[in-house]
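J.: Following this message is one structure expressed as structure tokens.
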Amino acid sequence: MAKLIFLSVFVVCLVSFVHCGEVTVVHAPSTLRFGSASTLRVSNLDDILTSSLGYTPKESSPWNGLTITTPFSLPTAAVVIVVHGGGLTINQEGSTYPLKEDMSMKEAFQSVKSIVGSRAQRETLFKYISVDDDLVEDGPHSFIPTTKVLNMSVEPDATLLRELGTLMKTSMTINEITTTSHGGQDVIFMELNALAPLVKVYGINSAKVKEAIDVVRNQLVRVTDVMRHAYNDQVLVASTVVDQLQELSRPSRSILQSRAAPPMDLNLASEYSSDYPAVFNIVLWISLILIFFIAFTSFAMATMDPGQDSIIYRMTNPRMKKDS
């Protein structure tokens, strides 16, 4: 009987951890406070990001880990780094929560794009970057982390190291595509795929996987520092470790394989003229002034005393004819 109970508990625990990752808020401005909370669903991630950027979410989220201390000085950008972990956890510093994968991260990105894009009154950059679409080669070595166990000459080690190098290289070029320099805002997702195949090949307890975890963690810290500098600390940076089976691996690439960079698609929201705020304020305040002026004039005329010395008396009282 005891064995049966133990087996049942084990099965329940195993099922509860299927498709369950983690999300870590690595950096957030002082206007956002992340406290203790329960499991966060990927389907609620769009509400958290849109609320952090100052927009009303599509529906009230049951997750209560986010508190907005003031509606002023909210972040101008949200950066989410998606790591396919193959069952691993990265254990980054920050506020970490279990992540229930009830939808893919790309679907969450599209949801954020739909909400913010339909409500934004300023230029907005939406970018989903899969770093293995433009892998860097062996150089420059400043982008590719140095390792002791992982080997740059074999796969899947090389793909992971090159993805980490591309991740760093991409973060260094954010200043070239950001819209915040002229009053816009950015929503950027960056996806790292090569860790899961590495775990699948070597096993979760292998020396290569253990070093890979450290290398990924250190590279994420460096990327976070670059993002904080690029956005003057007015950025929400979060990393997610996901484990969805349909996205665990991609075909391995040869070390010598190179691909041309795809054309840049900024996915910008609707543009508004730079005169829009001025025109809006002119129309608003002139309308209010006219409304108050008409109301004041009407009230003054309605309460005027129609005495013999008033214009109302002289205009309404017919002049008497004199007898000749």
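J.: Nearest 0.05, what FRET efficiency do T67 and L284 give at R0 = 25 Å with Cβ-Cβ as r? It would help to have the intermediate numbers written out before the result.
T.: Details: r = 32 Å, r/R0 = 1.28.
The formula returns an efficiency of 0.20 here.
J.: Could you work out how far the C-alpha centroid of region 66-121 sits from that of region 208-245, in angstrom?
T.: Here the two parts' Cα centres lie 13 Å apart.
J.: Now a separate question. Send over a whole-number figure in Å² for the accessible area per residue of region 79-136, probe 1.4 Å.
T.: With the other protein chains kept in place, region 79-136 gives 36 Å² per residue.
J.: Taking 0.36 nm per residue of separation and subtracting the Cα-Cα distance, what length does fully extending N232 through S60 add?
T.: Stretched out fully, the N232 to S60 stretch lengthens by 58.9 nm.
J.: At 1.4 Å probe size, with no ligands or nucleic acids counted, give the accessible surface of M304 in Å², nearest ten.
T.: Ignoring ligands and nucleic acids, M304 comes out at about 90 Å².
J.: 7 Å from Cα along Cα→Cβ at both D214 and F292: what's the point-to-point distance in nm?
T.: 6.8 nm
J.: A further question on this structure: Taking H placed 1.01 Å from N in the peptide plane, check which residues at least 5 places from F189 or on another chain put their amide H under 5 Å from its amide H.
T.: When sequence neighbours closer than 5 places are left aside, the close amide H contacts are V80, K127, Y128, I129.
J.: Over region 136-235, what relative contact order in percent results from Cα pairs under 8 Å that are six or more residues apart?
T.: 31 percent
J.: Something else: Amide H to amide H under 5 Å from M152: which residues, 5+ apart in sequence or cross-chain, H placed 1.01 Å off N in plane?
T.: Counting only residues 5 or more places away or on other chains, the set is empty.
J.: Computed FRET efficiency, Cβ-Cβ of H182 and M304, R0 45 Å: what is it to the nearest 0.05?
T.: Details: r = 54 Å, r/R0 = 1.20.
That gives a FRET efficiency of 0.25.
The values are calculated or read from the model by the stated rules, or taken from the named source; none is laboratory data. All values derive from a computational prediction rather than experimental measurement. Cβ: placed from backbone, ideal geometry, glycine included. Neighbour counts: every protein chain shown. The area values use the complete protein model at the heavy-atom level, side chains included, leaving out ligands, DNA and RNA. Shrake-Rupley method; radii C 1.70, N 1.55, O 1.52, S 1.80 Å.
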